[in-house]
Every structure is written in C-alpha cells, then in structure tokens.
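Participant: First, the structure itself, so that you have it in front of you.
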Amino acid sequence: QVQLVESGGGLVQPGGSLRLSCAASGSIFSIYTMAWYRQAPQKQRELVAQISTGGISTYYVDSGKDRFTISRDNAKNTVYLQMNSLKPEDTAVYYCRLIVRPTGAATPREYWGQGTQVTVSS
C-alpha cells in the first residue's frame, strides 16, 4: 500500500508565505507526475501546480505563476509547494496527487493526500 501525508498548511496573513509538503511512503516502485490541487468552498477542485517525473517540466495555474513553486525530492518521495505573496483568494484545502506505481503492480495508479487547509486572512 501507498500512503500520502501532507503538512504545512495553516493561517497566514496576506502577503505571507507557506510551504506545503506531501510525503509518500509504502511499497513504491516509482513515482511519476506529482501535483497540487486546491478546492475552495463551493468551488470545483482545480489544478494548482504539476511537476513531471524528472522535474524538468512544470505547470502552474495562471493565478499562481510567479508566486508558487513546485519541486520534488525523489530520494524522499516528497513533493513541495512553496507559496509566496499569498492572497485571500488562495484560501482553500490543498491536496497532493501522485501517480505511483506500487511495488509489484503492473501499472501506475493515482493517490491523493488527505488535504491541508490554507487560510489567508488578516
């Protein structure tokens, strides 16, 4: 089995920063795409940032460009989301999503973290 544990959310003032982490553990053969999504109240879940298997290619939602940075540490099976210059509209529950091939599995599967609340408010 594969487990994802998120951390790093919290309450921050506008203009502040947070760093989210999502660590995968268990029987892991390989991790492919790693991504962060968010869901605000009464809104659909949206893709915030994504990083390719080798870490070369990244994607950011338009509202996060120049403020958010996604990175990965393959040795630690961990993906990070550094968020700077946070705005109230960034308030949401943030979820990590990993494409993982478990040990012994023929194909990769998607796994989701439990979610971490980010609240930007003065």
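Participant: Report the percentage of all Cα-Cα pairs in the chain whose separation exceeds 26 Å, rounded to a whole percent.
Facilitator: Details: 1323 of 7381 pairs.
Value for the chain: 18 percent of Cα pairs lie more than 26 Å apart.
Participant: Just to confirm, what accessible area per residue do you get for region 1-114 at 1.4 Å probe, in whole Å²?
Facilitator: Details: 6120 Å² over 114 residues.
Here the per-residue accessible area is 54 Å².
Participant: Among the lysines, select those whose C-alpha is under 25 Å from the C-alpha of Lys87, and discard any that sit fewer than 8 residues away in the same chain.
Facilitator: Within the straight-line cut-off, Lys87 pairs with Lys43, Lys65.
Participant: If the only charges are +1 at each Lys and Arg Cβ and -1 at each Asp and Glu Cβ, what is the size of the charge dipole of the chain around the Cα centre, to the nearest 20 debye? Intermediate results must be reported in sequence, preceding the final value.
Facilitator: Details: 12 positive and 8 negative charges, 30 e Å.
Value, rounded to 20: 140 debye.
Participant: If I compute solvent accessible area with a 1.4 Å probe over the protein chains, what percent of it on the chain is carbon and sulfur?
Facilitator: On the way: 3020 of 6480 Å².
Percent of accessible area from carbon and sulfur atoms in the chain: 47.
The values are calculated or read from the model by the stated rules, or taken from the named source; none is laboratory data. Predicted, not measured: the structure shown is a model, and the values here were computed from it. Neighbour counts are summed over all protein chains in view; Cβ atoms, including those assigned to glycine, are modelled from backbone coordinates with ideal geometry. Just so you know, the surface numbers come from the protein's heavy atoms only, side chains and all, with ligands and any DNA or RNA stripped out. Shrake-Rupley method; radii C 1.70, N 1.55, O 1.52, S 1.80 Å.
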